[in-house]
Each structure stands twice: as structure tokens, then as C-alpha cells.
1. Could you count how many residues in the range 114-164 are open to solvent by 40 Å² or more (accessible area, probe 1.4 Å), among the hydrophobic types (A, V, I, L, M, F, W, C) and modelled with pLDDT under 90?
2. Given the options ALA257, ALA228, name the one that is in contact with a Phe, Trp or Tyr (Cβ under 6 Å, 6 or more places away or on another chain), open to solvent by less than 40 Å² (accessible area, probe 1.4 Å), over 30 Å from GLU17 (Cβ atoms) and free of Cβ contacts under 8 Å to residues at least 60 places away in the same chain.
3. Taking GLU59 as meeting all but one of (1) out of contact with any Lys or Arg (no Cβ under 6 Å at 6 or more places or on another chain); (2) surrounded by fewer than 19 Cβ atoms within 10 Å (Cβ to Cβ), write down the number of the exception.
4. Can you pull out the residues in the range 415-457 that are small (Gly, Ala, Ser) and touching a residue at least 12 places away in the same chain (Cβ under 8 Å)?
5. Go over the candidates VAL346, VAL363, VAL355 one by one and state the one that is among the β-branched types (Val, Ile, Thr), within 59 Å of the chain's Cα centre (by Cα) and over 30 Å from TYR302 (Cα atoms).
6. If I ask for residues that are without any contact (Cβ under 8 Å) to a residue 60 or more places away in the chain, over 60 Å from the mean Cα position of the chain (by Cα) and over 28 Å from SER177 (Cα atoms), which ones from the range 68-103 would you list?
7. Within the range 305-333, can you find the residues that are open to solvent by 80 Å² or more (accessible area, probe 1.4 Å), more than 30 Å from ALA215 (Cβ to Cβ) and not in a loop (DSSP other than H, G, I, E, B)?
8. Which one of SER290, SER247, SER258 is within 28 Å of GLU362 (Cβ to Cβ) and under 16 Å from the mean Cα position of the chain (by Cα)?
Amino acid sequence: MKGQFEVSVWPNQTLVEFGQSLRVNCSTTCPDPGPSGIETSFKKSQAGKGPQWKEFLLEDVTENSVLQCFFSCAGIQKNTSLDITVYHPPKQVILELQPAWVAVNEAFTVKCQVPSVAPLENLTLTLLQGNQELHRKNFVSLATASLRSQAEATVSVRAQRENDRCNFSCHAELDLSPQGGGIFHGSSAVKVLRIFEFSQSPQIWVSSLLEVGMAEAVSCEVARVFPAKEVIFHLFLGDQELSPSFSWKGNTAWANASIRAMETGDQELSCFVSLGPTEQKTRTFVHVYSFPPPILEIEELYPLAGTDINVTCSGHVLTSPSPTLELQGAPYIPAPGEPAWFLLTVREEDDGRNVSCEASLEVQGQWLVKTTVIQLHVFYKPRLEESGCPGNQTWIEGMEQMLDCVPEGNPTPSLVCTWNGMIFDLQVPQKATQNHTGTYRCTATNQLGSVSKDIDVLVQGPEEEINSIIIIIVILGVSVITIALYLNCLPYKMKRKFHYRQNEQSKDEENQFSSQQAEKCDS
């Protein structure tokens, strides 16, 4: 019958990626169709045709639209429509951390952007901290937004130490399954968040007084800092940058360095400490002074015993103001700027004596002391004293013996002993025999002279030695017994003496009483 025909289009519902082409086929059941075609705003071209169909190529599809396909049959025209949905997958997903370094307890923002995506109503953005979901956002309410719209999701978080070095990312999902399409995914690059704490100013630890040319330790420390091991230090003395070593423990970091000032006066010591985006500076002033030790001079360092030598002490020319000097042995303390001195008559016992001079200087309200010490070496001739070289020595026959003789003198004398005209080896023990009995002659010599002494050696047999020991023991025993008896009898003797004195006193009283009675009778 007239008008009984159908018009169809393929595909009947379609998804097209933004900017891509689309093939559309229009067909009819009319056996002898008349004029036909499609109506669309896109650039089109006919790609093929048949008695009852036509195929068209649509190019650069960039927006949603409705395409009309029409055929006429026996003067009657029929249309059918095709809904074209354009999508833009989330190819670019951008994550921002604002700021990248965050102070503890401060808020930071995690922001995710998808510059071009469509349709928005099918998009879901998920913000992740590690593998944990931090925030999720969909865009159903933005279904009427234009194509290639920008999607954005933001969440604010308060920073804690445990957030340091956490990974943050954003995942975008475009689900076109309700329109018969697939699911498209996009992910951002991972961003690492840095958390820091830097609430206290650094402290410099150094002596307020530095001696010119002398190394002095300096330390710059910052407490309650996190992460302490990432703190960066820069130390300066004036314009000179130091080379510190770095250490950290817990929430404290510090830098240690050695400073050596080469100019006197006040100088600035500064410490720059940085952590992430934050930098703090602290500074202090040190006073650099010059105070060399006093100059101690002894007229003769190796004098002969009995000679007089001058001992003088003076302040160094680089010391300003002049120090106060105190020379050991000097009779008085000179005025500042004047040397101290005294005349010393050296004796043998002065050998090895330390002579010292002390200089005192007030710098910035502090008293500083420097001391110079010189050791005396007194020369004297050799001596062979009885204490060190006995003139009579007894050896025990059969035992190893050595001649006991140590000379005195400075420089240390050499000692040579002869026996029967031969040199006797003093370093090797001798097994004593009766032949060793005799007189030995020892001579001590140094640069100042020599002295000799005869030593009589008596070699006793073992029995004589034992007898001598027995005699000594007997004598000691008798002495001990005598002392014991004396101590035991002492109270008795004292008691008798006491009674004797009492009896004498009684007799005196009786005589006195008899005299008094006789006088009474006479009267």
C-alpha cells in the first residue's frame, strides 16, 4: 500500500570520541525510493550507496547532535533520527599539592584537574593518599556542561608528621557503559608531600673570646625540628664560610666547626639554617684578642752549681695592653709593662727545677693567664756518697752478687771499677767466691771531673751468714722479752712508790702531831 515503508539508520545509538569520524548508514524498505539523504551540521560525504541504502562519512565530530536520515517513496517522505554522543576520555590528569612543603598542623590542599573530559555526568574523580581513598567526587549535576569541560576536585587536609613523604595521586574514571560504551581510566603522576617543623631559632655555642690564630670549636644547634636529618647549615665567621660537620638525634640537629680568627677585634659569627622552604639566621659577636705567653729568659740553662744567673720575664710585644707579670722566685711584682727578674744562685738540688713566669691580662672583663716554664739543669762534679756507694760490702759465698755503687753528678757520670788491676764488669752478676774478697777501686767521671773511692768487699761462707742471722734473732728476742718484763713490772713499781710516798707522808704527820702535843705539855 501507498506509504507502507520504513526508514532506519545504523548505528541507532552511537558514541564518538571528540574530533573523530563516524560512518552512518541510512536504509529503507521502499522498493523504489525517491530522494534521500541525511541532515547534519557536520562535514559529510557519501561513502557508498545501493538501491535502498546510502552510507555517509561524518568528519571531525566535536559535539553532541541529532542526525536526521530521510527517504521518500511514492511522494511520501519519512525520517528517522540518530543521537550522536561525543566523549572525551580523561587523557590528562593533573595533581597539585599546595604547598609541596607543609608545616606541622598547617592545612594543605590536594587538587586534581582534568583539563578536557566529556561527558562530565559520567566522570568520577578519586583523590588517594597512598592506597587510601581521601576524597571522591562525581559530576552528575553538570550534565549540561559544554564538551571538553575541565573537571576539578579539591580537598583540604591538616598536616601531621606521619604525612611526611606520603604519596598522593588522583584517579579519573569515565564510565560510558550506560550509553553502551566502555570505561576509560586516567591517573595522575604521584606527588610526594613533605611535612616539616621549624618553630625555634637556631642557637650558636662558642666562647665569647677567641685568641688570634688559635682553633676554637663552634656549634650551631636547632631544636624541635623535623625531619632533623634534612636540616642544612651554613656557618660564617665574617665573610669566611666554615666547613662544619653535621649531626642529628631525635628532633635536634647541629653543626660543629673549628674557627681560627687571624685578625683581632670584634667579628660576627653567623649561622644560616634551612629546611625545605624555610630559612632562619642567627648571629653573635666574638672578640678576638692577641695574648702570646710571656718571654722567660735564663742567663745560663746549664749552669755550674754555685754560680749566679739572671732570670728575666717580660710580656710579649704583641700583647696589648701590657700584662701583669709574676715571676716565681722574684722578690716583687713589677708594674705593667716592666719586666720581672731576680738573681739565682744555683745549687745541686736546683737540678730539674722548673722556673715559671705567669702573665695575667684582662680582656672584656675576663682575666686570662698564660704561663711559661723552663727547666733548669745544674751541672756538678761526680760524687761517690756512702748512701749510694758503701765503702764496706758483704757478699755471701755461692750466691750471685753485684758491686753496689751508684755515683752522683750531672751530667750523669760514667763509672769504672777495677779489681786486682783489672776492670770489673758492674753489669754482670758474679757468683761470689772467697777470691772476690778484697778492695775494689771505683772512679766516677763526667765533663767536670772525676772522683775515686775504695770499696772493701768481704765474702762470707753460708754458715757465717746463718750464725749472723741467729745472733740477730737472739738479740731481737732478748730485747722483746726485756721490754715485755719492763712493761709488766711498771704498775707494781709505781704502786710501791705510791705506798712509799704515803708512808712518808704519814710519818711526817705523826712527827708534827707529837711536836704539837709536846708544846702543849710544856705550856
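1. Total satisfying the criteria: 5.
2. Details: ALA257 fails: in contact with a Phe, Trp or Tyr (Cβ under 6 Å, 6 or more places away or on another chain).
Within the list ALA257, ALA228, the selection yields ALA228.
3. Condition (1) is where GLU59 drops out.
4. Step one: list which residues in the range 415-457 are small (Gly, Ala, Ser), which gives 421, 432, 438, 444, 449-450, 452.
If the condition is that a residue be small (Gly, Ala, Ser) and touching a residue at least 12 places away in the same chain (Cβ under 8 Å), then ALA432, GLY438, ALA444, GLY449, SER450, SER452 are the ones that fit.
5. On inspection, the qualifying residue turns out to be VAL363.
6. SER72, GLY75, GLN77, listed by residue number.
7. Passing the criteria: only ASP308.
8. On the way: SER290 fails: under 16 Å from the mean Cα position of the chain (by Cα); SER247 fails: within 28 Å of GLU362 (Cβ to Cβ).
Being within 28 Å of GLU362 (Cβ to Cβ) and under 16 Å from the mean Cα position of the chain (by Cα) holds for just one of SER290, SER247, SER258, which is SER258.
The values are calculated or read from the model by the stated rules, or taken from the named source; none is laboratory data. In this text, all values refer to a predicted model and were calculated from it rather than measured experimentally. For neighbour counting, all protein chains shown are included, and Cβ atoms are generated from backbone atoms with ideal geometry for every residue, glycine included. Accessible surface areas use protein heavy atoms only, side chains included; no ligands, DNA or RNA. Shrake-Rupley method; radii C 1.70, N 1.55, O 1.52, S 1.80 Å.
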